[in-house]
Amino acid sequence: MRVTFPHMGNLFIPVKGMLQYLGVDVVVPPPSSKRTLTIGAKYGPEFACLPLKLNLGNFIEASEKGADTIIMAGGCGPCRFGYYAQIEHAILEDLGYDMKLIVLEPPQEYLSELLAKIKELSGNSSWWHIFQSIRFGYQKAKAVDKVEKAAFWARPRELTPGSTEKAYVRSLEMLDRSVSQITLAEAKRNADELMSAVAVDSKKEVVKIGLIGEIYTVLDPFSNQYLERKLGHLGVEVDRSIYLSEWVNEHIFMGLVKGIRSRKEACEAAQPYLRHFVGGHGQESVGNAVNYSRAGYDGIIQVFPFTCMPEIVAESILPKMRDDYGTPVMTMIMDEHTGEAGTLTRLEAFVDLLARKKEIKEASCE
Amino acid sequence: MKIGIPRSLLYYYYYPLWRVFFEELGAEVVLSSHSAKGILAAGLKNAVDEVCLPVKMFYGHVLDLVGKADMIFLPRIVSVEKREYICPKFLGLPDMIRCLKNLPPLIEVDINLYKNNKDFYSAVKNIGNIFTKNHLDIWGACLKALKAQKKYFKLMQMGLMPSEALALIEGRVEDKSLPDGEKMNIALLGHPYNIYDPYISMDIINRFRAMGAVVATAEHVSGKIVRNYAARLPKKLFWSLGNRMIGAAFHYLEQPGISGMVHVAAFGCGPDSMTGGIIERYAHSSGIPFLNLTLDEHTGEAGVMTRLEAFLDMVRWRKAAFGS
């Protein structure tokens, strides 16, 4: 059994770590690329959202590398994601790929089934060993988040252009390579050192933007055209409404780890505007926009795949939030046709606007 | 008091229920005008670009009720079947509409049968309390409303379209004989608010009929058959309307009298992108002629007509060549 799974930004680092710790033979799909997207768009349903197409491309490319089993998350709606695995599997079958599908459905509904599948996947390891490997994966996810946050801070302030990027890539490589608790601890230390060694102008005034929206396009740089990196180079400090470890905690541990941001806070903040959950992260998007506005961010960017239903609801409601708080919001919609130059132009214009607004505000305060 | 109901979205399913309910409680029900260019234009102006055509239309219908109604009935339909939803946009609809300016008060009640069918009455009670505090009156109105609704669904399962069933209930037409099965039968699948809204669908049902076809829709199939056939999927769909379409499609694919299948989707519709794909896959493997029609606000009528005509020609030739 050679197991593969879809890409979502740096998700592969903790997932690969966890599965290898369990002793599973893992095939990480090649990083999402234009080819991945072309394959996915060719075989996926025309109006399916972008993540489905990228998943499909990932699976086909992984199968070329020898994978024969797919692990995929499930869901119980109303967002389309809950039916992804079945559709993708049917398409792969039609194309003649003989791959086994293991869908991990949310534990609220199918706990015993989920546990049985995990046991099967692990080749009947003891529960203690399984617990240890999940913990190992989670620690990696947290380490990855720490590196990302450091990069968000350093990018707009770096003295040598590109130095943050170099340290960021090197740090992730080190985390990815660690295979045991001991090597992971060492990799974490080295990554910390590398990230803090980036020469920065810490007194520089920077524009701050909060990134909200659909989870996949927020977490996956390929699908959002490397928004965070582009913004960083434009001198913007970015914060993301959700990080990997938070997502893992919410969706896999059911919020068991306390003391980190949870979706509950966001949903409470959304109450005046959106009173009911709408699937996906629609309600969280509205709530996080409110939270970023309250925290004094200069602007908000909402990003989601074309035709994403929950985020369209959020998009319809965000103008009201913007009227109340005065924080500019820009919506960027991603699909397989997006050209990079257009994205960059829009980002530049938005950042210029925010910088000007900030200057005027500060001048009037003095 | 005048209660406004937008002639859009789930109006096509649940109008008889709410009309009887409100009238029993002494309110007057006002419908928005029939879908038309002006209504769509108002919707386009006020909704974000990304929402689908039927939701844009809904915005227009709500705005059409301004000045006509004292209150607008806008329930949040979260779920109408156990463990199923409608679509995320229905979950956020009241919040989206509330962003419009100068609206009369809205009657916003959550209808959520996701966990339990009994939750329906508690929602109904909340609505009834606007008119009366007498629980017996509300209960009586609710029973009458459910009866009217049952009759409506039954008429549709006998082969009537929603507009015909409504006309019959309201006593506007003579009882018509049911369509005979000798002609060319076309299964027309799509969200009810798309296929039954003559403006959105460009009157596809009557056009098909004028070209000599008998149209069968998902609403003509009983809930039991739908559930049985939909259970063939490897995993149950969590959209009620999608389930109905899939179940009806599988049912019609096995009916020898059905000579062609048409799937109508709104541009950018999330559930349609998945259910449409599934139906297409099964239709292809069964060999039945299949047409996928995607509609948006820009669709030219002539283009759609040409496609329908070509499709029916193909079905006819095939029938002539292979017999029925």
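We did not get these values from a lab; they are worked out from the coordinates using the rules stated. Just so we're clear, the structure is a prediction, and the values are computed from it rather than from any experiment. With ideal geometry, Cβ positions are generated from the backbone for all residues, glycine too; neighbour counts draw on all protein chains shown.
A cut-off of 5 Å between modelled amide H atoms, ignoring neighbours fewer than 5 places along the same chain, links B:L31 with B:I5.
Sequence-distant contacts, meaning Cα pairs under 8 Å at least 6 residues apart, place the relative contact order of chain B at 17 percent. A Förster radius of 22 Å combined with the Cβ-Cβ distance from A:T183 to A:W127 puts the calculated FRET efficiency at roughly 0.35.
For the residues A:T217, A:T160, A:T327, a GNM of chain A with alpha-carbon springs under 10 Å puts the largest fluctuation on A:T160. The overall shape of region B:35-111, judged from the alpha-carbon gyration tensor, is oblate: a/c is not under 1.5, and a/b is no greater than b/c.
Cα axis of helix B:53-64 to longest principal axis of chain B: angle in degrees, 0 to 90, nearest 10? Approximately 30 degrees, to the nearest 10. A simple spin-label model places pseudo-atoms 7 Å from Cα toward Cβ; at B:Q157 and A:Y43 they are separated by 4.1 nm. Mean partner shielding of peptide B:79-92, defined as the number of other chain Cβ atoms within 10 Å of each residue Cβ, is 6.
Each Cα pair under 8 Å and six or more residues apart adds its separation to the average, and for region A:2-125 the resulting relative contact order is 25 percent.
Each residue of region B:11-19 was assigned a 3J(HN,Hα) from its phi angle through the Karplus expression (A = 6.51, B = -1.76, C = 1.60, θ = phi - 60°), giving 3, 5, 9, 10, 4, x, 4, 6, 4 Hz with x at Gly and Pro. Taking amide H atoms as placed 1.01 Å from N in the peptide plane, the amide H of A:G280 lies under 5 Å from those of A:C79, each 5 or more residues away in sequence or on another chain. Radius of gyration over Kirkwood radius for region B:2-157, both on Cα atoms: the Rg/Rh ratio is 0.96. Ellipsoid fit via the Cα gyration tensor, region A:142-202: semi-axes of 22, 9, 9 Å, each the root of five times an eigenvalue, largest first. For the listed residue pairs A:K119/A:K140; A:K42/B:K235; B:K183/B:K319; B:K89/B:K115, the alpha carbons are over 18 angstrom apart in A:K119/A:K140; A:K42/B:K235; B:K89/B:K115. Taking springs between alpha-carbon atoms closer than 10 angstrom, which of B:E28, B:E254, B:E84 fluctuates most in the Gaussian network model of chain B? The residue that fluctuates most here is B:E254.
Could you tell me which of rounded, prolate or oblate describes region B:175-324, using a ≥ b ≥ c as the square roots of the eigenvalues of the alpha-carbon gyration tensor, with rounded for a/c under 1.5 and, failing that, prolate when a/b is larger than b/c and oblate otherwise? Since a/c stays below 1.5, the shape of region B:175-324 is classed as rounded. Residue pairs exceeding 25 angstrom between C-alpha atoms, taken from B:K2/B:K154; A:K16/A:K208; A:K208/A:K230: B:K2/B:K154; A:K16/A:K208. Rounded to the nearest 20, the Cβ-based charge dipole of chain B about its Cα centre (Lys and Arg +1, Asp and Glu -1) stands at 780 debye.
Extension gain, A:E113 to A:D25: 0.36 nm times the residue separation minus the Cα-Cα distance gives 29.5 nm. Kirkwood radius for the protein assembly as shown, taken over all pairs of different Cα atoms as the inverse mean of 1/r, rounds to 27.4 Å. Counting only alpha carbon atoms, the long axis of helix B:119-128 and the longest principal axis of chain B meet at about 50°.
The angle separating the long axis of helix B:240-253 from the principal Cα axis of greatest extent in chain B is about 20 degrees. The stretch between A:D335 and A:D352, if pulled fully straight at 0.36 nm per residue, gains 3.6 nm over its current Cα-Cα span. Remark: relative contact order (region B:2-157) = 27 percent; criterion is Cα-Cα distance under 8 angstrom and separation of 6 or more residues. Cut-off 10 angstrom, C-alpha nodes, Gaussian network model of chain B. Which of B:L100, B:L53, B:L241 fluctuates the most? The residue that fluctuates most here is B:L100. Of the residues A:M99, A:T343, A:V147, the one whose Cα sits farthest towards the positive end of the charge dipole of chain A is A:V147 (charges of +1 on Lys and Arg Cβ, -1 on Asp and Glu Cβ, taken about the Cα centre). Model label points for B:K133 and B:I169, set 7 angstrom from Cα along the Cα-to-Cβ axis, are 3.2 nm apart. For the pair B:K147 and B:D313 in one chain, pulling the backbone fully straight at 0.36 nm per residue adds 55.6 nm over the alpha carbon distance. Amide H to amide H distances under 5 Å link B:V264 with B:L189, B:G190, B:L293, where only residues 5 or more positions off or on other chains count and H is placed in the peptide plane.
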